[in-house]
Each structure stands twice: as C-alpha cells, then as structure tokens.
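The values are calculated or read from the model by the stated rules, or taken from the named source; none is laboratory data. From a predicted model like this one, the values you see are computed outputs, not experimental measurements. Note: ideal-geometry Cβ built from the backbone for every residue, glycine included; neighbour counts use all protein chains shown. The accessibility values were calculated without ligands, DNA or RNA, using every heavy atom of the protein model including side chains. Shrake-Rupley method; radii C 1.70, N 1.55, O 1.52, S 1.80 Å.
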Amino acid sequence: MTAGGRPPLRITGIDDPFRELHYLNASPRGRGIDVERLPIALGALAAPLADELDALVVCSDLQGIVPGPEGRSELLGVEVAAVVEELAQGGVIPPAARCGVILAGDLYAVPAANKRGGYGDVADVWRAFADCFAWVAGVAGNHDDVADVPALGPHVHLLDGNCVELDGLRIGGVGGIIGNSNKPGRRSEGEQLRALSGVLDHELDILVLHEGPRGDAHQPGNDAIRDEIELAGVGLTICGHDHWRAPLAAHAAGQILNVDTRVVVLVAPRGHRGVRTAT
C-alpha cells in the first residue's frame, strides 16, 4: 500500500510509439551532427487518478536541439511540451489541464548540437511544460542547471530529497547520479543512498530518479538503488540516465518505468480514484 493505504499505481501496458519528433544531436565520438528521432508512446494505468487528473506525461534525457527560423534554436524539451499540448488539443490524449508532467532529468544540450553532454540552464523546458499542463514535478539530471527552476511558480516542483502531494499523488524524488561529488549533478554513493532513504520514508505513490535501479539483465541500472526501492515497497519508480530498449520492468514490490530518450503518456481510465482496487 502507498500513501493513505491506497494500492500502488500500476501500468498495464505501453503501446508502440505513435509519433516521432526529429531533433539534432552530436554524433558519437564527435563525428558531426545527427538527426535523431524521439518516440512518443501511450501507456495505460490500471485505475483512475484524481477527479481532476486523467494522465501523466513522463519523459527524460531530452538532450537535443530543435532548429527554428532565422538561425534560432531551442532545447528539445521545449518542442516536446508544444507537441504534447497539440496532441491534447487534438484529442489524442486528455486535455492538457488534466495532465501532470514528470521530468526525470537531463534536459540540456549544447546549443550548436556539436558536442554531447555539457551542463546548462534547463528552466526553459520546465517553464514550457508548466505553461501548458496542470503541474510539473521532477528531478535534475547530471547535465542540468536547475538554479532558476524553483522560481517558476507554484505549479513547478523540483525534487531532491523531498516529496510533494499533487492531485492525491505523493511524489518524491532524488536528482543527479552517483559519482565524483566535485562535478555538477553528482554525489557519493553514500550521500545519494541517504537522500533516497529519506524520501522512501514517506510512503510514495511515485518515486522519480535520474539514475535509476537495474531492471532485468538487459536493462542496466544501479543495484543498490534497486535494493532500496524493493525494501521500501515503492509501487512506481520513474527514471532515466541509462537507456532501455524496453521501457518497463517489474520488481518484487512494483514497477520501474525508464523514459530515457522517450516520452510516455500514461492515461488512466475515467472514474474516481477512491475506487481503485488492488490487482
């Protein structure tokens, strides 16, 4: 059970992508610039959310550039927000005002798209989602400067060792990755696991991480984080950082959804969340 004794959120399936968004990214090993494709897919939740919430838009590792007119360009995440809002306006997904957004980090790309990695301001991406949707919650990746994100307004919730309750969902998060703490977006393993342990004390509906747990043998991740979420009985963990060909995994207590370089819109059946039953 999660907050308030509710059964955990459960994803019943994720469809093949129905839309792709083209963007620019540096080629591996610095060999020019590639045109890459970001998949957008629909997923289904087993039970309703809150009366005011019909879907969750979930994404991570949107490290790319979308060129615009007159030589201008924007971060991929800004374009993603606009495209997903268009899908809502077209009735493909529920109305934007009834969708929450969860960002699992790494939203920055070098403006010239000629170098992978980098570190920079991602407030424009958070702002773009906040301008369109009911609320935005999430964590920073190891490439994200989020200094300006907390000032974006009451519907924006940057998580790092804390939690927030939104439309009846208790969401906690820990940003960054395990690594050299002298570099941005990194902590020692002990520091990261202590931050995670503190969040897990709050009986979460959703845990958001950048660096996530291992899934199966073909879904890389951190074994220590996997142990922590299983011990705490986390129903749904959302993460990125390591790419999984298949985005969904199960563990002893729940599910892991890895949205590295993808967008998944989790749509709930209509109804009152209070009638959710365990399955």
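For the range 151-175, how many residues are out of contact with any Pro (no Cβ under 8 Å at 6 or more places or on another chain) and free of Cβ contacts under 8 Å to residues at least 60 places away in the same chain? Talk me through it step by step, then tell me what you get.
The first filter runs over the range 151-175 and keeps only residues out of contact with any Pro (no Cβ under 8 Å at 6 or more places or on another chain), leaving 151-155, 157, 159-175.
Checking the rest, the ones that are also free of Cβ contacts under 8 Å to residues at least 60 places away in the same chain come to 151-155, 157, 159-164, 172-174.
Residues in the range 151-175 being out of contact with any Pro (no Cβ under 8 Å at 6 or more places or on another chain) and free of Cβ contacts under 8 Å to residues at least 60 places away in the same chain: 15 in total.
Annotation note: Cβ proximity below 7 Å between a residue of the range 178-189 that is under 12 Å from His241 (Cβ atoms) and a residue that is open to solvent by 50 Å² or more (accessible area, probe 1.4 Å) and not basic (Lys, Arg) (sequence gap 6+ or interchain) occurs for Ile178/Glu189; Arg186/Asn180. Residues in the range 240-268 that are in a loop (DSSP other than H, G, I, E, B) and charged (D, E, K, R): Asp242, Arg245. Give me the residue from the range 123-150 that is touching an Asp or Glu at 6+ places or on another chain (Cβ under 6 Å) and either small (Gly, Ala, Ser) or touching a residue at least 40 places away in the same chain (Cβ under 8 Å) (or both) and, out of that set, farthest from Gly185 (Cα to Cα). Applying the filter and picking the extreme gives Cys132. For the range 95-104, the condition of being in contact (Cβ under 8 Å) with a residue 60 or more places away in the chain, in a loop (DSSP other than H, G, I, E, B) and crowded, with 22+ Cβ neighbours inside 10 Å holds for at least one residue. Taking the listed residues Phe129, Phe133, the one that is over 19 Å from Leu207 (Cα atoms), of a type in the set (Phe, Trp, Tyr), modelled with pLDDT of 95 or more and crowded, with 24+ Cβ neighbours inside 10 Å is Phe129, with no other qualifying.
Just checking, which of Ile65, Ile14 is open to solvent by less than 60 Å² (accessible area, probe 1.4 Å), within 21 Å of Thr237 (Cβ to Cβ) and of a type outside the set (Ser, Thr, Tyr)? Give the steps one after another, and end with the answer.
Working: Ile65 fails: within 21 Å of Thr237 (Cβ to Cβ).
Just one listed residue meets the conditions, Ile14.
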